[in-house]
Amino acid sequence: MSTFSISRLLRGLVLGVAATVSLPALSEEITLKYAFFAPAGTFPGKQMTHWAEEVNKRTNGKVKVETFPGGSLLGAREMWDGVTMGVTDIGLSAPSYDPGRFPLTSGMALPLGFENATEASRVLWEVTNEFQPKEFENFKVLAMFTSEPGHIQSKEPVRNLEDLANMRLRATGSGVPVIEALGGSAVGMSMPDVPQAVQTGVIDGTMTSREVLRDFRLAENLKYVTEYPMVVSTFAAVMDKKKWDALPDDVKKVLNELGDEMHAWTGRYHDEENVNGALEWAQKEQGLTILTLSDEETARWDAKMAPIVDEWIVATEAKGLPGKKYIERIKELQKQ
Ligand code: 3IO
């Protein structure tokens with residue numbers, strides 16, 4: 001063996017020992033399971049993949065994230081308990097599906113006039129950090145974002161309240177009172193169940209963000225969108241609090257930094273590429289028609305929506321929660 005290779009060997013040994021001794025945290029690889037109830041190609045799924053890749057990059061490969069999209073590990077409603085029971089380390093689901101479980105956060109899914117997902121996602125992240133709602137007390141919230149405001153997407157055209165009367169429209173839990181206020185008949189279900197419900201005629205349409213026309217192929221059956229933005233859906237990616245507490249500080253730092261970025265990353269992708277791309281595709285390839293309401297009709301719809309926020313405040317305050325302050329703060333943040 002030449003002196004050269006011996007010195008190389010020694011250097012390798014010294015470096016190897018130094019690395020293991022001085023940086024014990026780095027030697028320990030961490031794998032986190034991350035479950036989501038809908039396909040990877042939908043915008044919350046893209047958000048999950050982006051998060052997983054960034055975590056791996058920013059921890060220099062120390063943290064690996066194994067993703068389970070499409071409900072392969074847990075469905076929408078099982079997600080929260082699945083995280084608590086350790087079926088998954090991280091779970092992404094929609095608080096809007098279950099306003100009873102997320103009473104304060106359900107205030108974000110009221111008709112508050114959000115312009116887009118970028119704005120609503122920023123506001124959601126800020127109010128959650130400020131109010132620290134009790135409903136998340138057993139969780140570490142890793143990321144939050146919203147969809148754009150939902151629109152009615154239907155088999156038959158909806159041009160006025162009369163068209164809507166008794167139409168069976170799917171909505172999230174938070175969307176139910178909105179559809180009912182307009183005189184529609186609301187059916188609550190999670191997004192992956194919608195395509196089949198449309199095909200079998202269980203529902204006549206859905207009130208959801210418009211990218212679902214393409215991402216769930218709904219434009220094959222739903223040929224009309226009514227241009228009246230209603231309520232956003234909220235999403236949260238959570239981890240069990242005790243599991244979070246056990247993570248090394250350097251990993252926590254990376255996840256916290258990334259958490260602060262995810263609302264803007266997801267909002268931009270959803271608003272600029274996802275929704276717009278879907279609308280263009282649906283109009284070009286599926287004969288989608290976008291209907292606008294007359295000013296008079298818009299005013300009628302606005303009037304039906306008006307009491308919803310105040311009713312929510314009264315009901316939420318009655319539960320001992322700061323509903324009034326929560327809405328006031330949302331309105332302040334919307335202006336910024
Ligand atoms: C949603 C859930 C999974 C995948 C794509 C999605 N786009 C909007 C939602 C949330 C939802 O169910 C709704 O009606 O806003």
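Each value in this text was obtained by applying a stated rule to the coordinates, not by laboratory testing. This is a predicted model, so every value here is computed, not measured. Glycine gets a Cβ as well: all are built from the backbone with ideal geometry, and neighbour counts include every protein chain shown.
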### Query
In µm²/s, what is D for segment 183-336 at 20 °C and 1.002 mPa s, where D = kT/(6 pi eta Rh) by Stokes-Einstein and Rh is the Kirkwood radius from Cα pairs?
112
### Message
Below 12 angstrom from the Cβ of Leu92, what's the summed charge of the other residues (Lys, Arg +1; Asp, Glu -1)?
### Response
+1
### Task
Among the listed pairs Lys33/Lys62; Lys64/Lys242; Lys57/Lys242; Lys33/Lys242; Lys253/Lys331; Lys134/Lys304, give every one whose C-alpha distance is greater than 26 Å.
Lys253/Lys331; Lys134/Lys304
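How high is the relative contact order of segment 150-282? Use alpha-carbon pairs under 8 Å, at least six apart in sequence, and give a whole percent. Numbers along the way, then the final one.
On the way: 172 pairs, mean separation 42.5, N = 133.
About 32 percent, as a whole number.
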### Message
Please give the Cα centre distance for segment 73-131 versus segment 308-336, rounded to the nearest Å.
### Response
16
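Past the 28 angstrom mark, what percentage of all C-alpha to C-alpha distances in segment 75-231 do you count?
Of all Cα-Cα pairs in segment 75-231, 22 percent lie more than 28 Å apart.
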## Note on the structure
Exposure-ranked with fewest Cβ neighbours within 10 Å first, Met79, Met230, Met167, Met85 stand as Met85, Met167, Met230, Met79
### Task
Return the loop-located chymotrypsin sites (Phe, Trp or Tyr not before Pro) in segment 273-336 (DSSP other than H, G, I, E, B) with at most 14 other Cβ atoms within 10 Å of their own Cβ; answer none if there are none.
none
#### Entry: Neighbour net charge for Lys46 - beta-carbon separation under 12 angstrom, K R +1, D E -1
-3
### Task
Indicate, rounded to the nearest 5 percent, the antiparallel portion of the DSSP beta bridges found entirely in the chain.
50
### Task
Mind jotting down the three principal axis lengths of the chain based on Cα atoms? Whole angstrom, largest first.
90, 49, 36
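With a 10 Å Cβ neighbour count serving as the proxy for reagent exposure, in which order, fewest first, do Val83, Val251 appear?
Ascending Cβ contact count within 10 Å gives the list Val251, Val83.
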### Query
Arranged by the count of other C-beta atoms within 10 angstrom, fewest first, what order do Ser185, Ser209 take?
Ser185, Ser209
### Query
Relative to the first principal axis of the alpha-carbon coordinates of the chain, what is the inclination of helix 43-58, with its axis defined by its Cα atoms, in degrees from 0 to 90 and to the nearest 10?
20
### Task
Please report, in whole Å, how far the alpha carbons of segment 172-244 spread along each principal axis, starting with the longest.
46, 28, 22
### Query
Given the rule -39500 (n - 2.57) for each run of at least 4 DSSP H residues, summed and divided by the residues of the chain, what is its mean residue ellipticity at 222 nm, to the nearest 500 deg cm²/dmol?
-14000 deg cm²/dmol
#### Entry: For segment 94-171, radius of gyration divided by Kirkwood radius, i.e. Rg to Rh on alpha-carbons
1.06
### Query
Mind listing which chymotrypsin sites (Phe, Trp or Tyr not before Pro) in segment 168-262 are in a DSSP loop and have 16 or fewer other Cβ atoms within 10 Å?
none
## Note on the structure
One checks the Cα atoms of segment 56-112 and finds Rg and Dmax, in Å, of 14.5, 43
### Query
Angle, helix 295-318 long axis vs. longest principal axis of the chain, Cα atoms, 0 to 90°, nearest 10?
60
### Task
Specify the angular offset, from 0 to 90 degrees and rounded to the nearest 10, of the alpha carbon long axis of helix 276-286 from the longest principal axis of the alpha carbons in the chain.
60
